[in-house]
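The values are calculated or read from the model by the stated rules, or taken from the named source; none is laboratory data. This is a predicted model, so every value here is computed, not measured. Note that each Cβ is placed from the backbone with ideal geometry, even for glycine, and that neighbours are counted across all protein chains shown. What goes into the accessible areas is simple: the full protein's heavy atoms, side chains included, and nothing from ligands, DNA or RNA. Shrake-Rupley method; radii C 1.70, N 1.55, O 1.52, S 1.80 Å.
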Number of protein chains: 2
Amino acid sequence: MITAREVRLKSRLVGMPSADNFELITVSVPDPAPGEVQVQNLWMTVDPYMRGRMADRAIYSPSSRPGKEVSARAIGEIAASNSTMYGWRPGFKVGEVLEGGAIGQVAASDDPRFKPGDLVSSWFGWREWFNAPAASLQKLATFGLPPQAFLGVAGMPGLTAWVGLLKIAVPKPGDVVFVSAASGAVGSVACQIAKLKGHTVIGSAGGAAKCAFVKDIGVDHVIDYKVRADLTSALLQAAPMGIDVYFENVGGEHLEAALAAANRFARFAICGMISQYNSTELPSGPRNIMFVMGKSLRLEGFDIANYLDLMPEFQKEMSTWIHESKVTWRETIDHGIENAPTAFLKLFKGENFGKMLVKLR
Amino acid sequence: MITAREVRLKSRLVGMPSADNFELITVSVPDPAPGEVQVQNLWMTVDPYMRGRMADRAIYSPSSRPGKEVSARAIGEIAASNSTMYGWRPGFKVGEVLEGGAIGQVAASDDPRFKPGDLVSSWFGWREWFNAPAASLQKLATFGLPPQAFLGVAGMPGLTAWVGLLKIAVPKPGDVVFVSAASGAVGSVACQIAKLKGHTVIGSAGGAAKCAFVKDIGVDHVIDYKVRADLTSALLQAAPMGIDVYFENVGGEHLEAALAAANRFARFAICGMISQYNSTELPSGPRNIMFVMGKSLRLEGFDIANYLDLMPEFQKEMSTWIHESKVTWRETIDHGIENAPTAFLKLFKGENFGKMLVKLR
């Protein structure tokens, strides 16, 4: 019997999340049952996408205009019977432990495939210890990398960059690639893959330190969106011949700028829109959406959950690139499960630099 | 020497076009020069896309916000050196005759491939007579259809519907298809192709007469957007299980409704956004654009000019469908070149019903 702590959702998120939305609970973890493995987590990840699963309902829906019926209600009714309407994975339940990616070490095992000391990857984040059926764990092949890399550059965020760029946007030789949030866990990998494939790359980031890092990883033109008041002008200056690929992590003005700068047949991999996640009002949409028609653009959203079968291929390629010094990364590490909620909050304030991680041991 | 009339652009369009933007001129058409063919036009087409070529500059570009630089200027500067930035084909020149699709009859020919009486298809619309090099004309194979069908259901608008639905959206068995402007030249064909491929089809149109026609051509659920104040609610009621394909002709609220009702992996063929063409202010964009990410949607714009090589395959298939009574169409016919400008204006007031044509002889 182990005593350990875990983080539960205390209340659903509305607008900018706060530490009050979370609750730290001490629980008892019994010995593993038959077929179970007992794991002590070493690292857990916090990622922007988790915001959606903590929200009460779809953040974005067309709402009423003056003199019109309230359509949000209708959307809600549909959504109740069809959760895919929201476009989110099922919501976390208030009072239950949260989940997310984690790297842990086996402490005890009732399954022959795992033995104490093994490193395992799982979705049982937000807790210090857990028991789980062996089938829900994956033994970690580290390829000589630090284990927490598999929560970032060589894990889901890295796979997201790799899939979004190479499988969704599919750059052609000579394409100019624009990546927003270019210092982030996903964006920085997208930039480096685009560079090693020979592309001219433009990245946006907020603040001098992040921009310096983006420049350091080889990005050709860096836009500090906190300094450049007009992102469209900045992008057009950085890409006078236009952009052919946009890796979208931010939304809002970034999307408008990319639409304005897009060349004909440009492809947008729509990965995230972090600038919009905490809106309580309907945001304004991209006013130049008509360029999708006029310039024969393709905007394609994707959910990395549908591409997890590519993880082995990706990890083999990515670990090679890392060992060849073609890809590097940054981490912001907070310590202790009690600090996981505030680590999560940093994502929405731009206070993380690269991959945001929580070290649990 | 023939005396004939033609329509020239008198001034560039700003906002809703008016008859004053056009000029009717009488010209002399000499005998055909060596290698030329002399044609009397029987029919000419007016289409919404022509609006873009009559405008002064890109209608849509991100503009300044309070406290920000004016980015529209920067976009203009770029666009001057790169016309693809606008996403429009080259603009018509003020004082020059307009162009567009036409069906004519050969009156005289200095080329052995054409003889008097031959029906020809050309881009020399907006004029009663013309001489042109033989290579710029195409002899019309009518497949037993009335010649003006090749300006509509069996011509560019029909090809647009066929390409947008089958090559861009690519419906899968069981997909629910939503088509806006479903009584129009493009929309009505898209609806009928979707029906003959076995799909559940929802169409929107404005007014009882157009909606009755849409119902007549087999569409399962018709939304009268002039009656239904909240298009999103109306669409969700018509498609309680969501839509999988959206054929976009209208933009604005229609696009928001389609984003709200879209199922995961839905595909949007972005063909037109006629509700936005005459805006002089930046329109509001789709406020729920984040669904592109959340529901893994694909929005793809296309320009039929890039698919003209598919015309023969399309015309063979379409003429078969028409002879099998699987596809029908409506026409609004105005008479005389002097009425071509007002026929064009009707497109933006919804005063046409089906394909808008001008009969020149």
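For region B:1-21, give me the residue count where each residue is hydrophobic (A, V, I, L, M, F, W, C) and farther than 23 Å from B:SER275 by Cβ.
The total comes to 5.
Hey, among B:SER279, B:SER325, B:SER275, which residue is out of contact with any strand residue (DSSP E or B) (no Cβ under 8 Å at 6 or more places or on another chain) and at positive phi?
B:SER325
Could you grab me the full set of residues in region A:1-21 that are among the aliphatic types (A, V, I, L, M) and part of a loop (DSSP other than H, G, I, E, B)?
Those that are among the aliphatic types (A, V, I, L, M) and part of a loop (DSSP other than H, G, I, E, B): A:MET1, A:VAL14, A:MET16.
Going by the conditions given, is A:GLN315 at pLDDT below 95, buried (at least 19 other Cβ atoms within 10 Å of the Cβ) and out of contact with any strand residue (DSSP E or B) (no Cβ under 8 Å at 6 or more places or on another chain)?
no
Output the number of residues of region B:196-217 satisfying the condition of being more than 20 Å from B:LEU231 (Cα to Cα), charged (D, E, K, R) and crowded, with 19+ Cβ neighbours inside 10 Å.
Going through region B:196-217, the residues more than 20 Å from B:LEU231 (Cα to Cα) turn out to be B:196-199, B:216-217.
Subsequent filtering for residues that are charged (D, E, K, R) retains B:197, B:216.
If we keep only those that are crowded, with 19+ Cβ neighbours inside 10 Å as well, we get none.
Residues that pass the stated criteria total 0.
Out of all the residues in region B:108-119, is one or more within 26 Å of A:LEU297 (Cβ to Cβ) and of a type in the set (Phe, Trp, Tyr)?
So far as region B:108-119 goes, no, none of its residues is within 26 Å of A:LEU297 (Cβ to Cβ) and of a type in the set (Phe, Trp, Tyr).
Checking the condition touching a Lys or Arg at 6+ places or on another chain (Cβ under 7 Å), open to solvent by less than 10 Å² (accessible area, probe 1.4 Å) and of a type in the set (Gly, Ala, Ser), which residue from B:ALA154, B:ALA169, B:ALA161 passes? Give the derivation first.
On the way: B:ALA154 fails: touching a Lys or Arg at 6+ places or on another chain (Cβ under 7 Å); B:ALA161 fails: touching a Lys or Arg at 6+ places or on another chain (Cβ under 7 Å).
From the options B:ALA154, B:ALA169, B:ALA161, the qualifying one is B:ALA169.
Output the residues belonging to region B:201-217 that are of a type outside the set (Lys, Arg) and assigned to a helix (DSSP H, G or I).
Scanning region B:201-217 gives B:ALA208, B:ALA209, B:CYS211, B:ALA212, B:PHE213, B:VAL214, B:ASP216.
Please enumerate the residues belonging to region B:305-316 that are at the interface with chain A (Cβ under 10 Å from one of its Cβ atoms) and in contact (Cβ under 8 Å) with a residue 12 or more places away in the chain. Walk me through how you get there before you give the answer.
Here is the first cut: in region B:305-316, the ones at the interface with chain A (Cβ under 10 Å from one of its Cβ atoms) are B:305-306.
B:ALA305 - this is the single residue of region B:305-316 that is at the interface with chain A (Cβ under 10 Å from one of its Cβ atoms) and in contact (Cβ under 8 Å) with a residue 12 or more places away in the chain.
I'm trying to understand the selection: among the residues of region B:291-307, which are under 20 Å from the mean Cα position of the chain (by Cα) and of a type in the set (A, V, I, L, M, F, W, C)?
Kept after step one, since they are under 20 Å from the mean Cα position of the chain (by Cα), are these residues of region B:291-307: B:299-307.
Across region B:291-307, the qualifying residues are B:LEU299, B:PHE302, B:ILE304, B:ALA305.
If you scan region A:322-350, which residues turn out to be free of Cβ contacts under 8 Å to residues at least 12 places away in the same chain and under 19 Å from the mean Cα position of the chain (by Cα)?
Hit for region A:322-350 is A:LYS349, nothing else.
Among the residues of region A:105-134 satisfying the criterion of being out of contact with any Lys or Arg (no Cβ under 9 Å at 6 or more places or on another chain) and small (Gly, Ala, Ser), which is farthest from A:VAL358 (Cα to Cα)?
Ranking the candidates gives A:ALA108 first.
Considering only residues that are open to solvent by less than 10 Å² (accessible area, probe 1.4 Å) and farther than 22 Å from A:GLU253 by Cβ, which ones fall in region A:176-195?
A:VAL189, A:GLN192, A:ILE193
Please give the number of the condition A:LEU310 fails out of (1) surrounded by fewer than 22 Cβ atoms within 10 Å (Cβ to Cβ); (2) within 16 Å of the chain's Cα centre (by Cα); (3) over 30 Å from B:VAL250 (Cβ atoms).
The number of the failed condition is (2).
Could you name every one of the strands (runs of 3 or more DSSP E) located completely within region B:218-301 that has at least 2 residues being open to solvent by 10 Å² or more (accessible area, probe 1.4 Å) and within 7 Å of chain A (Cβ to nearest Cβ)? Please lay out each step first, then the result.
Working: elements: B:221-224, B:243-248, B:262-270, B:298-301.
The qualifying strands (runs of 3 or more DSSP E) are B:262-270, B:298-301.
Return the total of residues in region A:142-173 being over 15 Å from A:ALA269 (Cβ atoms) and touching a residue at least 24 places away in the same chain (Cβ under 8 Å). First the steps, then the outcome.
Going residue by residue through region A:142-173, those that are over 15 Å from A:ALA269 (Cβ atoms) are A:142-156, A:173.
Next, from what is left, pick out any that are touching a residue at least 24 places away in the same chain (Cβ under 8 Å): A:143-145, A:147-156, A:173.
Of the residues in region A:142-173, 14 are over 15 Å from A:ALA269 (Cβ atoms) and touching a residue at least 24 places away in the same chain (Cβ under 8 Å).
Scan region B:336-361 residue by residue and report those that are on the phi > 0 side of the Ramachandran plot and open to solvent by less than 20 Å² (accessible area, probe 1.4 Å).
B:GLY336, B:GLY354
State whether one or more residues within region A:302-309 are at pLDDT 95 or above, part of a loop (DSSP other than H, G, I, E, B) and under 14 Å from A:MET44 (Cα atoms).
So far as region A:302-309 goes, no, none of its residues is at pLDDT 95 or above, part of a loop (DSSP other than H, G, I, E, B) and under 14 Å from A:MET44 (Cα atoms).
Please count how many residues of region B:168-187 are of a type outside the set (A, V, I, L, M), out of contact with any helix residue (DSSP H, G or I) (no Cβ under 7 Å at 6 or more places or on another chain) and either part of a helix (DSSP H, G or I) or more than 20 Å from B:TYR225 (Cβ to Cβ) (or both).
Within region B:168-187, residues that are of a type outside the set (A, V, I, L, M), out of contact with any helix residue (DSSP H, G or I) (no Cβ under 7 Å at 6 or more places or on another chain) and either part of a helix (DSSP H, G or I) or more than 20 Å from B:TYR225 (Cβ to Cβ) (or both) number 5.
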